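Asker: Take a look at this one; I'll ask things after.
The values are calculated or read from the model by the stated rules, or taken from the named source; none is laboratory data. All values reported here derive from a predicted model rather than from experimental measurement. Here Cβ is always computed from backbone atoms with ideal geometry, including for glycine, and neighbour counts include all displayed protein chains. The protein model used for the area step is the full one, side chains on, heavy atoms only, and it has no ligands, DNA or RNA in it. Shrake-Rupley method; radii C 1.70, N 1.55, O 1.52, S 1.80 Å.
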Amino acid sequence: MTKGQLPKWVDYGLLPALNLIAAFAVSGLVVVLIGEDPFEAVKWMLFGSWGYGEGVGFTLFYTTNFIFTGLAVAVAFHAGLFNIGGEGQAYIGGLGIAVACLAFDAYVPWYITGLFAIVGGATFGAAWALIPAYLQAKRGSHIVITTIMFNFIATTLMVYLLSNVLRPQGSMQPSTRTFTEGGQLPLLRNIWPSLDLGQSPVNLSFFLALIVCVLVWYLIWRSKLGYEIRAFGANPTASVYAGISPVRITVITMLISGGLAGLMGMNEVMGSQNRLLLDFTAGYGFVGIAVALMGRGHPIGIILASILFGSLYQGGAELAFEIPAITRDMIVVIQALVILFAGALENLFRPAVVAFFNRFSDEAAA
Amino acid sequence: MTEQSVPAIELSGINKSFGPVHANKDINLRVGKGSIHGIVGENGAGKSTLMSILYGFYHADSGEIHVDGKSVHITDSKRAIELGIGMVHQHFMLVDPFTVVENVMLGAEGGAMLNKGIDQARTELKRLADEYDMKVDPDAVVGELSVGLQQRVEILKALYRGADILILDEPTGVLTPAEADHLFRILRVLRDQGKTVLLITHKLREIMDVTDAVSVMRRGEMVSSLKTADTSMAELAELMVGRSVLLEVDKKPAEPGEVLLRVENLNVKDERGVMRVKDVNFEVRAGEILGIAGVSGNGQSELLEAISGIRRAQTGTMDLAGDHVDLSHSHNAGQMRQMGMSHVPEDRHRMGLVTSFAEYENSILGYHREPEYSKGWFLDLKAIRSEAEHRIQKYDIRPPNPDLKAAKFSGGNQQKIVLAREIERDPDVLLVGQPTRGVDIGAIEYIHKRIIEMRDAGKAVLLVSVELDEIRSLSDRIIVMFDGQVVGERGADASEGELGLLMAGVNEEHAA
Amino acid sequence: MFEDIILILDSTLRLSTPLLFACLAGLFSERSGIVDIGLEGKMLGAAFAAGAAAYMTGSPWMGLLAGIIVSVMLAIIHGYASITQRGNQVVAGVAINFLAAGLTVLLGQAWFNQGGRTPQLAISARFDDITLPFAEALQDVPFVGPIYHDLISGHNLLVYLSFVMVPLTWWIVFRTRFGLRLRAVGESPAAVDTAGISVTWLRYRAVILCGVLCGFAGTYLAIAQSAGFIKDMSAGKGFIALAALIFAKWRPVSAMFTCLLFGFLDALAIRMQGQEIPGIGEVPVQVFQALPYVLTVVLLAGFIGRAIPPKASGIPYVKERT
């Protein structure tokens, strides 16, 4: 080990753990500020997310959302692109899924509709990433800004569509009609009643998410395209030298990223709500940024980070129920602190840890 | 050394490490007041680091600094400026969209409001310009000035702050010979007015021309300090590399065959729209090395980029081993490789390697779509790895670990990774840019040998280098570029002086 | 018709004010090279603090002070992450936005128990509308009267202040030493550093100024435009301000006109709701809402001029090689 280097387990284990601990410690202070007992809060959150079958079901349900949006952000990161538009892409992706369900649910069984929904969600999500990708590649417009703008454009577009176009006649609510059975993914609680998942909405998309993780791993680390994506992200000049077209990689990567975000609707729209609702994305697209950062862009890391955030979401709901003074917004605060410490302040503890390990190795050498 | 009065600068026991790299080891240096003192050394010898320490840009890990006999602690550039030290960095520290006046007054505005300071700076600029013969339009936008003028602004900036000690880091790398001469005239005037000048360079001729004393650095250490009058280029060269330099490379006479690369009517613009390559024509035959000589920045980089498919040309055609290519059309580097061209780029960090990739991943950069490295949509990691291991053996790349990140290899070994990749694909035409820049001496000989081997194997080699010695010892024919144009062609036996004149833009047609 | 125009322009001014404050705030930060997508969060945090403090003290000035303090604190967190820790500036901004969105409602509920709102403020605890001199007297003068009385007069102090900030910002950026250095550090931090100026301190001052101005923006929302804080009341205005900043190419006077344009679109959207435009029919209100974003994308695409950010923006300044 050379000086200034850290063993892998420190880089990928200890440092993220320290960052998380810092985020949780500050969250605990917020709980104290409200006048509640943080340890009591942790107890309820743990119980709520992992203490009983229904809680676990909800945790895995949220986890599914985060895997999709986390992968979306991570794939773009590998190409050096910061896709902050996962929220909008997931939203529009949900539209694609809803269109597929509305079109087919009356005629074919769910597994046929599901295939169309996957294609619809991925295509619509990818389409929403296309213009920012093209502008970045061809015109150098910064993708962070354009994807933010597209998030807002998606919001206004969906408000319009849901209240003017997709709303069934006579309904006052801005949403589509409820899909019939042919447009509903089976819930795990119905497939395996013995699992005791209560009323939780976790559904087959959970497995879809895991399959997509494997595909993304193959794509990034084993395919020629993935090689080009990583080369472009790490050194754009060298990739041009290697004959890799920046325009092509930027556009393809963003299409994949948008498509992944778009699949989030499989879980929410086709898996759980069975209709398209206003703001169904509820910020999950943004959480994908935190998931991708914590998971270091690797599918396994993303699964772990998604479970963490899934637990936070479900545990936070339980917490709000048990201790009403702590509202569900506590989740947003914890999330913010995790993004802050694990993302923007990721090197906060590094100098100290490096110093510690150097002293350690010096002593070992002496 | 003669004991004059108090030295302007005295460094003792300076140490500085960057992670595992020990950039400065126990450096001692005395610089006499009112002298021009040169510091020479190869790239990476630690010259720039030492000067950055003196300017407060880096902090030394240990050691002492005396300025004018007083022990000082240079915490930051502000302190250095207060001590009368000014520095002209290798990469200019200018704000491009600002005017000359704004750049000069930055950090020395003379009050919280700008209006008074601007007038003052303008007056002072005019005075300095007259005194040192350094005319420059105070209202010109710096980003639009030529590099020579930008450098002048840097010097004016230092003088405006009252610098008595001026450090120049590789100031002539970007200058034409005429501009360099003008710079040296200015430096002499400065010295005659009592200023102290520290000139950092790796060009021995400059040392001999302009300095009073010289210190030599090698691999982070100060190996010698001499009076310029008492030394010679040969002695300095030996001190720099640690042994006498073999400039001649063993090679047989060339046996040129058919033309493998013909470039015609090439015109290339850079991203700012400036024409950098103008009407260039040349051909390279099988079994010969064509060297392109020239001062850095005279269009060689753009030329390499255009014919290797990285940059689109305005006009131009290329015949490459039987294929005809219109260079003004869109194409990419992959297509050129398909046609049998390999390219060792000028800057391996920026272009030749993805330094965060493992060695074996770098060994296929640009060839990752070749069938022998892939299985369908996927990479054949087994094949890639065994090929990488084979090359590590053959080229003696150290450490012999294909999983190590490219960033962890030394400059010479990195260059071998690139060279192995480009040579082993058995191209018809090999483009080589600055093959030995930042490479240790042992690797230089090895790299030169391999390039000659390529020639002897009947390949056409196009060599671009700013090192005239390298061009002269490797090439069979030499063309010289100046301001984007080919200003002359010479045989391998051309004298250094003859080529030097061409590189300065003195045209052969007028001379002949 | 004339009255309608006056009315729309009048609400344009009111709707532009928070955008203008936030836009000028972003100008200071981004000119120094710190990309700030956390304008939204700082505004929201300030709005909550202003609403809470104004309620508890009964004074709008204390509300303003609290708003500024909270916004500056968030700005310093952003600065610490981006400047000292050299973290990713966009990620830091996202964190700030979430932090404000969560904390305001969480603390609001814990302290006031009104579903995340702060209690309704009395008129004395708000910035009240000001009638300018002679407004009443001139009211009946044709043309000029309505413009002066209905459009120019009758806004609260912060509206006027936001427009005063425009020349003031211009003067700071282009006529002072601080401004020169600010512009320089966003383009070339190394040049600033070698000129003996601390890049760190300079950038901190820029983000703190950004915090102060976001404090005004948030305060305006909570205790000038409304009578208290409401959950998520910034509603994307921070992002519209960011869009305006890009649209204005990081220049103060253009920023004002862009904010007025975006405010005008907003006013128009409210005004046109449910109304038919002759020959076109009813235009969905969402068209007006989406227009600022669409226009900014079109600008970024380079179809109307070119928006080039300061060269060093988004890149942490690293002096030492590692």
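Asker: Past the 58 angstrom mark, what percentage of all C-alpha to C-alpha distances in the protein assembly as shown do you count?
Answerer: Counting pairs separated by more than 58 Å, the tail of P(r) holds 22 percent.
Asker: Where does the Debye-calculated log10 I(q)/I(0) of segment A:185-246 sit at q = 0.17, 0.18, 0.25, 0.26 Å⁻¹, using only Cα point scatterers of equal weight, no solvent?
Answerer: Scattering profile of segment A:185-246, log10 relative to I(0): -0.65, -0.68, -0.94, -0.97.
Asker: Shifting gears a bit: Using only protein heavy atoms and a 1.4 Å probe, report how much of B:HIS91 is accessible, in Å² to the nearest 10.
Answerer: Its heavy atoms expose roughly 140 Å² to the probe.
Asker: Near C:LYS311, which aspartates and glutamates are there with a Cα under 14 Å away, not counting those fewer than 8 places off in the same chain?
Answerer: B:ASP96, C:GLU30, C:GLU187
Asker: Same structure, new question: Counting each pair of different Cα atoms once, what's the Kirkwood radius of segment A:196-292 in Å, rounded to one decimal?
Answerer: 15.6
Asker: Roughly speaking, to the nearest percent, how much of chain A's 1.4 Å accessible area is carbon and sulfur? Could the numbers behind the result be given before it?
Answerer: Details: 9500 of 14100 Å².
So the carbon and sulfur contribution to the accessible surface is 67 percent.
Asker: So what's the back-of-envelope 222 nm ellipticity for chain C, counting only DSSP H runs of four-plus at -39500 (n - 2.57) apiece and dividing by all residues, rounded to 500? Please list the in-between numbers first.
Answerer: Values: 12 runs with 203 residues, N = 322.
-21000 deg cm²/dmol, from helical runs alone.
Asker: If you don't mind, another one. Which net charge results for the neighbourhood of C:ILE152, defined as the other residues with beta-carbon distances under 14 angstrom from its beta-carbon, given Lys and Arg at +1 and Asp and Glu at -1? The partial results should precede the final answer.
Answerer: Values: positive: C:ARG14; negative: C:ASP10, C:ASP129, C:GLU136, C:ASP150.
With Lys, Arg at +1 and Asp, Glu at -1, the neighbours total -3.
Asker: Reachable aspartates and glutamates from B:LYS135, Cα under 14 Å, same-chain residues fewer than 8 places away excluded?
Answerer: Counting by Cα, and skipping residues close in sequence, B:LYS135 has these aspartates and glutamates nearby: B:GLU124, B:GLU154, B:GLU179.
Asker: Same structure, new question: Would you mind checking the pairs B:LYS33/B:LYS78; B:LYS382/B:LYS408; B:LYS375/B:LYS459; B:LYS157/B:LYS269 and listing those with alpha carbons more than 28 angstrom apart?
Answerer: Violating the 28 Å Cα-Cα cut-off are B:LYS375/B:LYS459; B:LYS157/B:LYS269.
Asker: May I pose another question? Taking the Cα centre of each part, how many Å lie between segment B:338-366 and segment B:189-206?
Answerer: When both Cα centres are located, 39 Å separates them.
Asker: Next question. Check B:LEU166: other-chain or 5+ apart residues with amide H under 5 Å from its amide H, H built from backbone geometry?
Answerer: Amide H neighbours of B:LEU166, under 5 Å, 5+ apart: B:GLY86, B:THR196, B:VAL197, B:LEU198.
Asker: Rg/Rh for segment B:9-241 to two decimals, with Rh computed the Kirkwood way over all alpha-carbon pairs.
Answerer: Working: Rg = 17.5 Å, Rh = 18.1 Å.
Rg divided by Rh gives 0.97.
Asker: OK, next. Under a 5 Å amide H to amide H cut-off, with H placed in plane at 1.01 Å, what residues pair with B:ASN24 once short-range neighbours are removed?
Answerer: Those lying under 5 Å, H to H, from B:ASN24 are B:LYS16.
Asker: With a bin width of 5 angstrom, please list the P(r) values of segment B:259-511 as percents of all Cα-Cα pairs, from the 0 bin to the one holding the largest distance.
Answerer: Percent of pairs per bin, in order: 1, 6, 14, 17, 19, 17, 12, 8, 4, 1, 1, 0, 0.
Asker: Hey, another quick one. Could you compute the longest span of chain B free of GluC sites (Glu not before Pro) located in DSSP loops and having at most 15 other Cβ atoms within 10 Å, not counting the site residues?
Answerer: That would be B:4-247.
Asker: Hey, another quick one. Quick one: what are the phi-derived ³J(HN,Hα) couplings along segment C:185-191, Karplus 6.51/-1.76/1.60 with θ = phi - 60°, whole Hz, x for glycine and proline?
Answerer: Values per residue, Gly and Pro as x: 6, x, 8, 8, x, 5, 5 Hz.
Asker: Further, regarding this structure: Per residue of C:105-116, how many C-beta atoms from partner chains lie within 10 Å of its own C-beta, taken as a mean?
Answerer: Partner Cβ neighbours, averaged per residue: 5.
Asker: Is the C-alpha gyration tensor of segment A:250-366 telling us rounded, prolate or oblate? Criteria: a/c under 1.5 is rounded; beyond that, a/b larger than b/c is prolate, otherwise oblate.
Answerer: Oblate, because a/c is 1.5 or more while a/b does not exceed b/c.
Asker: Further, regarding this structure: Please compute the net charge surrounding B:PHE409, taking Lys and Arg as +1 and Asp and Glu as -1 over other residues with Cβ under 11 Å from its Cβ. Kindly include the intermediate steps, with their values, before the conclusion.
Answerer: Working: positive: B:ARG348, B:ARG398, B:LYS405, B:LYS408, B:LYS416; negative: B:GLU359.
Here the charged neighbours net out to +4.
Asker: Sticking with this one: Using only atoms on other chains, find how many Cβ atoms lie within 10 Å of each Cβ of peptide C:280-293 and report the average.
Answerer: 4
Asker: Per-residue counts of other Cβ atoms within 10 Å, averaged by peptide: what ranking do you get for B:406-413, C:100-107, B:44-51, A:89-96, highest first?
Answerer: With the highest mean Cβ count within 10 Å placed first, the list reads A:89-96, C:100-107, B:44-51, B:406-413.
Asker: Using helices alone, I'd like the mean residue ellipticity at 222 nm for chain A: each DSSP H run of four-plus residues gives -39500 (n - 2.57), total over residue count, nearest 500.
Answerer: For chain A, the value works out to -21500 deg cm²/dmol.
Asker: With a 1.4 Å probe on protein heavy atoms only, work out how much accessible surface A and C bury together, total over both chains, in Å² to the nearest 100.
Answerer: Chains A and C together bury approximately 3500 Å².
Asker: How much mean residue ellipticity at 222 nm does chain B get from its helices, if each DSSP H run of length 4 or more adds -39500 (n - 2.57) and you divide by all residues, to the nearest 500 deg cm²/dmol? Intermediate results must be reported in sequence, preceding the final value.
Answerer: Values: 17 runs with 166 residues, N = 512.
The per-residue figure over chain B is -9500 deg cm²/dmol.
Asker: Sticking with this one: List for segment A:326-348: residues with 50 Å² or greater reduction in accessible area, all protein chains versus chain alone, probe 1.4 Å?
Answerer: Going by heavy-atom accessible area, the residues of segment A:326-348 that drop by at least 50 Å² are A:ASP329, A:VAL333, A:ALA336, A:ILE339, A:LEU340, A:ALA344, A:LEU345.
Asker: At a Cα cut-off below 17 Å, give the lysines reachable from B:LYS405, other chains included and same-chain residues fewer than 8 away excluded.
Answerer: Hits, sequence-local ones excluded: A:LYS3, A:LYS8, B:LYS416.
Asker: While we're looking at this one, here's another question. Given N residues in segment A:48-203, what is its alpha carbon radius of gyration divided by 2.2 N^0.38 Å? Before the final figure, lay out the partial values.
Answerer: Working: Rg = 17.9 Å, N = 156, 2.2 N^0.38 = 15.0 Å.
Relative to the rule-of-thumb radius for its length, segment A:48-203 sits at 1.19.
Asker: Percent antiparallel among DSSP beta bridges with both residues in the protein assembly as shown, to the nearest 5?
Answerer: 60
Asker: Where does the Debye-calculated log10 I(q)/I(0) of segment A:1-75 sit at q = 0.13, 0.19, 0.26 Å⁻¹, using only Cα point scatterers of equal weight, no solvent?
Answerer: Debye curve over Cα of segment A:1-75, log10 I(q)/I(0) at q = 0.13, 0.19, 0.26 Å⁻¹: -0.66, -1.05, -1.08.
Asker: Compute for segment A:74-295: radius of gyration divided by Kirkwood radius, i.e. Rg/Rh, restricted to C-alpha atoms, rounded to two decimals.
Answerer: Ratio value, two decimals: 1.01.
Asker: Work from the charge dipole of the protein assembly as shown (Cβ charges, +1 for Lys and Arg, -1 for Asp and Glu, about the Cα centre) and give the residue of B:GLY13, C:ILE69, B:GLY194 farthest towards its positive end.
Answerer: C:ILE69
Asker: Span-like helices, chain B: DSSP H, alpha-carbon axial extent 20 Å or more, mean Kyte-Doolittle 0.0 or greater, which ones? Working shown, then result.
Answerer: On the way: long enough: B:114-132 (26 Å, -1.09); B:177-192 (22 Å, -0.14); B:441-456 (23 Å, -0.13).
None clear 20 Å together with a mean of 0.0.
Asker: Could you go through segment B:482-495 in sequence order and give the Karplus-derived ³J(HN,Hα) for each residue, using 6.51 cos²θ - 1.76 cosθ + 1.60 with θ = phi - 60°, rounded to whole Hz, and x for Gly and Pro?
Answerer: The phi angles translate into 9, 6, x, 10, 7, 9, x, 10, 9, x, 5, 8, 4, 7 Hz.
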